[in-house]
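Engineer: Here it is: the structure, laid out below.
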Amino acid sequence: MKLSESSCKPLLQRIGIPVILFVILAAAVLLPQLNVISVLTGTSMLMYIVLSSAWNIFSGPAGYVSLATSAFFGLGVYMSAFYSDVLPLPVLMLLGAVTSFVMAAVVGAITLRLRGVYFTIFTFGLVELLRNVILWLELRNTGRRGRFVTGYSAETVYYHLLVLLVILLIVSFIIKKSRFGSALVSIGESEDAAEHIGIKTTLVKLTAFSIGSAFVGAVGAAMATRWTYIDPTIAFDVLLSFLPVLMVILGGSRTLAGPVIGAAVFVYLQEILRSTPYYKIFIGAIMIVAILFLREGIVGLVQQAFHNIRIKLKGDASSANP
């Protein structure tokens, strides 16, 4: 029997990444209600999925490694700390997004003229700068460190983050399929060549960097209402700058599903291994394996497996029909 060309296509290509993402989101809605995962674990998972997907808007296609995630996350956290007693959660998230967008635009206008490791070092320095400035302002103006935040239930925060993730994936999909997304990819392949063909590289990078940062700020604003107490160390936790990068590497940066799957797998493994005394060693070993052997991430590995199956099926069909 001769197989049609469409039947030989990889599953991911036939049903499409958007369908897979829809299934993931539908599962995210149902899992807490089915007690498959706790709401607290689900909230943590959604937080990292949004952080990873937001990081991937700019850094994935453009090839710029930003370590400023926790800076914009912390700004969102402090917007909730300042206004949680007078504003509802959706407005707090919008305020965190706008604040982070503006800060990213200002910082990006200065730093995105830098390339390579210089940009990475500067973005990491931004985290330390904001953390120490806010700590100094708190101690000077209030005489104490940290603030209490008006809290919301875990379910409320969970579903607000889920809605934010849907918006983020829609925005990411539009960017990926647009000329703007193609310009980002061109910058990642060769920035000099992109400039030569007329792409305004600094403007494109600045826009993508600011959009991703806005979503990070929104997450920070939501999570602050879950924690109810924050201080500069909590808000500007440096791990929040490194973990999204590792999660994108684990899942793969070339598709929308990559950061989603990478973050979900990483958080789930953390929950399983947390009870063991050496869970950080296990997590570190997993990430080393991902970096060394999964250059396209889990999604790339699955795509390669389906590609190999396709080649084998074509070979079998050719031998059966000489």
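Rule-based calculations on the coordinates, nothing more; no lab input. Keep in mind the model is a prediction, meaning the values are calculated, not measured. Cβ coordinates were reconstructed from backbone atoms using ideal geometry, including for glycine residues, and neighbour counts include every protein chain displayed.
Engineer: If one computes the Cα centroid of the range 201-224 and of the range 83-145, what distance in Å separates the two points?
Structural biologist: 11
Engineer: How big is the Kirkwood radius of the range 102-251, worked out from every pair of different alpha carbons and given in Å to one decimal? Don't jump to the answer; show the numbers that get you there.
Structural biologist: Working: mean 1/r = 0.0566 Å⁻¹.
Result for the range 102-251 stands at 17.7 Å.
Engineer: Add +1 for every Lys or Arg and -1 for every Asp or Glu among the other residues with Cβ under 12 Å from the Cβ of residue 199, and state the total.
Structural biologist: -1
Engineer: While we're here: How do the peptides 48-59, 235-246 rank, highest first, by the average count of neighbouring beta carbon atoms within 10 Å per residue?
Structural biologist: So the peptides 48-59, 235-246, ranked by packing, come out 48-59, 235-246.
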